[in-house]
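S.K.: First the structure, which I've put down as C-alpha cells, then a few questions once you've had a look.
The values are calculated or read from the model by the stated rules, or taken from the named source; none is laboratory data. Just so you know, these numbers come straight off a predicted model, no measurement behind them. No Cβ is skipped: glycine too gets one built from the backbone with ideal geometry, and neighbour counts run over all protein chains shown. We work out accessible area using only protein heavy atoms, side chains counted, and drop any ligands, DNA or RNA first. Shrake-Rupley method; radii C 1.70, N 1.55, O 1.52, S 1.80 Å.
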Amino acid sequence: LRAFEVDVSQGRPQALILFDAQLLRTSDRRIVASRRFEQRAELASRDAAAAVAGLSQAANRLAAELSHWLLIQTP
C-alpha cells in the first residue's frame, strides 16, 4: 500500500489509494505479474465523514479492479 490518504493538492479534495501488487509463483517466489493500482474519489467536503466515504468508495473500486486483474492472470 503506497498511499491511503486525502489529497488536496489539486484544489478539490480527493480520496487517493495507490496499491502495488505482485503475483508470485510459490515454488520459487518468482514474480509472475505486477501492477500498480490507483483509485481516486472526489470528496463532497473536507470533513472526516466525507473522507471516510471517499476512501471507502475508492477502496471498493480498487478491490474490484484487483480481483479482475487476478482472474485474468490465472492460466
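S.K.: What's the total number of residues in segment 22-75 that are touching a residue at least 24 places away in the same chain (Cβ under 8 Å) and in a loop (DSSP other than H, G, I, E, B)?
M.R.: 3
S.K.: Looking at 44, 33, can you tell me which residue is open to solvent by less than 80 Å² (accessible area, probe 1.4 Å) and of a type in the set (A, V, I, L, M, F, W, C)?
M.R.: 33
S.K.: Going by the conditions given, is residue 34 of a type in the set (S, T, N, Q) and either more than 27 Å from residue 71 (Cα to Cα) or modelled with pLDDT under 95 (or both)? Reasoning before the result, please.
M.R.: Numbers: of a type in the set (S, T, N, Q): yes; either more than 27 Å from residue 71 (Cα to Cα) or modelled with pLDDT under 95 (or both): no.
Taking the combined requirement at face value, the residue does not satisfy it.
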